[in-house]
Amino acid sequence: MEEEKLEALLQETRVFQAPEGFRQQANVQSTAVYAEAENRLEFWAKQADRLEWFERWSTVLEWNSPFAKWFVGGKLNAAYNCLDRHVKGWRRNKAAIIFEGENGDSRVLTYQDLHREVSQFANVLKSLGVQKGDRVTIYLPMIPEAAIAMLACARLGAPHSVVFGGFSAEALRDRINDAQAKVLITADGSNRRGGVYPLKANADAALNGAGSIEHVVVVQRTGGQVSMQAGRDIWYHEAMSNASVVCPAEPVDAEDMLYILYTSGTTGKPKGVVHTTGGYMVGVSATHEMIFDLKEEDVYWCTADVGWVTGHSYIVYGPLANGATVLMYEGTPDYPAKDRMWQIVEKYRVSILYTAPTAIRTYMKWGAKYPESRDLSSLRLLGTVGEPINPEAWIWYHKYIGRERCPIVDTWWQTETGMIMMTPLPGITALKPGSATVPFPGIKVEVVDKDGKPVPKGSGGYLVVSEPWPAMLRTVYGDPDRYVSTYWNRWPGIYFTGDGAKWDTDGYFWVLGRVDDVINVSGHRIGTMEVESALVDHPYVAEAACIGKNHEIKGQAVAAFVTLKEGTEVKDGLVEEMKAHVTAKIGAIARPDDIFFTAELPKTRSGKIMRRLLRDIAEGRTLGDTTTLADASVVNALKEKYADEA
């Protein structure tokens, strides 16, 4: 990272405006909101009035860099703000969660239903000895009980740690031990592509060596046979049948911990990101309402899993604080057929869809015939999350899913930021395919050089957040030194995101991917995202992942792993055609030395491409940590194929 700057090579000139009808009814209709937010503390104080406080705060922010306290002295409860205040009025009978199971079963929970079940389950946890401050681990599929468990913990002031239901027993054990959790909530299994994923068996294996767990609550989801340890394990439905529906929400301090969420893909000791209650709830409720232009009648579907921060912030806490109707889907997008996503949009008249670029590129690969076979006329706003979206995937999403009438909010944020940090506001922001546009009002994001100085427009550098924000992480659980060294050591008082970015002449931001994914070709630092976007611009390419491999002359050379659209035949000259296409789009310096065709790319279970493993393959090294891979067979097949072709 000692070089001066990241090259900004890819140029995107297409601009899209929201339809006039959308702009006229948008929640935010004037750019004056940005001027208003220049007084950041006053702006966030105003946003805090979205919530109900048991005791009003006295100070908006105490900043003792790099440690922050927001809404100091305030007392509130996250579950109360998501449920109790809604059941006082007409929203009590509004759908809070619409659930669609992979096998086609469905449930609807009104706000009153959800309030009742959360209160009951909070009483179950109380009966198991859970008190304010105790940690609870949640290891569940995408079913309503996952949200119920999270909100029940919040109701008691007991921080939760949600572990993605696809993680292994070892990954679960590490997270339980780090949090010293008292209770584990799991299920007999989860439905996945017609089979059953053995959650309870994994949980049992994890508990060999996880001595802090006193009780395990088991949700009956699949009906399969599981072992139940007497004195430790209890069935959710049996415990709930005896529980009172009355459970007052515990007032907690604004700075009391709401949850720990462990970042995936790391080796060694898990890194537990801590989010507290007051600032986090202000941040996620404000961003959700303004960015997604939320209306009372909307059916909002975020396709993430609750095991990731997107599920925490934009399935549970943000939407429910705003009284939204949230769709939850248990299964995969291709079961029983590749139109499952669009069948669900059609069935429930989904109006807001928030999904990942990885998923969009998968749908591109399958072809437009699947969304074209369904009625998607209910959609009015689209969103993307998880990684930068390449322009061609953006255009495909706009054309075939939005039918060229839905604005797209391309959002950038992280587990650590807790809330969306850069995004269009759909009623007022002109959209550029592939750009997260500008920081959310009240957020100070910059692109800086190696000395931490802002770069001029048109240049690339390192993406930082230069002022504290409400939903920011407070520490790494049990390890404040790691918090400081990981995020705040490079430039004093400045949060380093780990991403590279460029800032165009209009002041729009383009995230170029992780800095450790940068390729250094003959002294030019090239972001992988730009080369990948150029490849996906080719009419035959559905998805691409680029890495730098050692080169004795250039230092590094670009190697590309490419997935073709379904039905594409690999003909002679296609590789050279694609190399020429990259040259034409962004220049000869980014021309790949190698292009390898592959049916799948190695991804984590949250959909992120694991370029680290691709580098191991390209360099002929032993593969690094593969525990977070969605499908280990993909990387093994790639390794064999690469060895044959290299």
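Summary of computed values
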{"item": "Entirely in the stretch 372-480, the strands (runs of 3 or more DSSP E) that have 1 or more residues that are in the same structural domain as ALA254 (by TED's automatic domain parsing) and farther than 18 Å from ALA356 by Cα", "result": "445-448, 459-465"}
{"item": "Checklist (1) among the hydrophobic types (A, V, I, L, M, F, W, C); (2) without any contact (Cβ under 8 Å) to a residue 40 or more places away in the chain; (3) under 26 Å from GLY166 (Cα atoms) applied to LEU376, failing item", "result": "(3)"}
{"item": "Boolean, VAL350 is touching a strand residue (DSSP E or B) at 6+ places or on another chain (Cβ under 7 Å), part of a loop (DSSP other than H, G, I, E, B) and farther than 30 Å from THR13 by Cβ", "result": "yes"}
{"item": "Check on GLN229, loosely packed, with under 14 Cβ neighbours inside 10 Å and assigned by TED's automatic domain parsing to the domain that holds VAL163", "result": "yes"}
{"item": "The listed residue being under 23 Å from the mean Cα position of the chain (by Cα) and either within 30 Å of LEU473 (Cα to Cα) or not polar (S, T, N, Q) (or both), out of GLY498, GLY548, GLY573", "result": "GLY498"}
{"item": "Qualifying residue in the stretch 334-344 (condition: over 17 Å from the mean Cα position of the chain (by Cα), over 22 Å from GLY101 (Cα atoms), aliphatic (A, V, I, L, M) and surrounded by 22 or more Cβ atoms within 10 Å (Cβ to Cβ))", "result": "no"}
{"item": "Filter result for LYS46 (without any contact (Cβ under 8 Å) to a residue 24 or more places away in the chain and surrounded by 13 or more Cβ atoms within 10 Å (Cβ to Cβ))", "result": "yes"}
{"item": "Qualifying residue in the stretch 294-306 (condition: modelled with pLDDT under 95 and among the hydroxyl-bearing types (Ser, Thr, Tyr))", "result": "no"}
{"item": "Failed condition for ALA171, given (1) in a helix (DSSP H, G or I); (2) crowded, with 24+ Cβ neighbours inside 10 Å; (3) among the aliphatic types (A, V, I, L, M)", "result": "(2)"}
{"item": "Residues within the stretch 433-453 that are under 14 Å from LEU382 (Cα atoms) and over 21 Å from the mean Cα position of the chain (by Cα), tallied", "result": "0"}
{"item": "Lone qualifier among VAL33, VAL87, VAL118, VAL108 - being modelled with pLDDT of 95 or more, crowded, with 22+ Cβ neighbours inside 10 Å and closer than 28 Å to VAL350 by Cβ", "result": "VAL118"}
{"item": "Unique residue being more than 30 Å from VAL87 (Cα to Cα), at pLDDT 95 or above and not basic (Lys, Arg) when the list is VAL274, VAL216", "result": "VAL216"}
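The values are calculated or read from the model by the stated rules, or taken from the named source; none is laboratory data. Quick caveat: nothing in here was measured; it's all calculated off a predicted structure. No Cβ is skipped: glycine too gets one built from the backbone with ideal geometry, and neighbour counts run over all protein chains shown.
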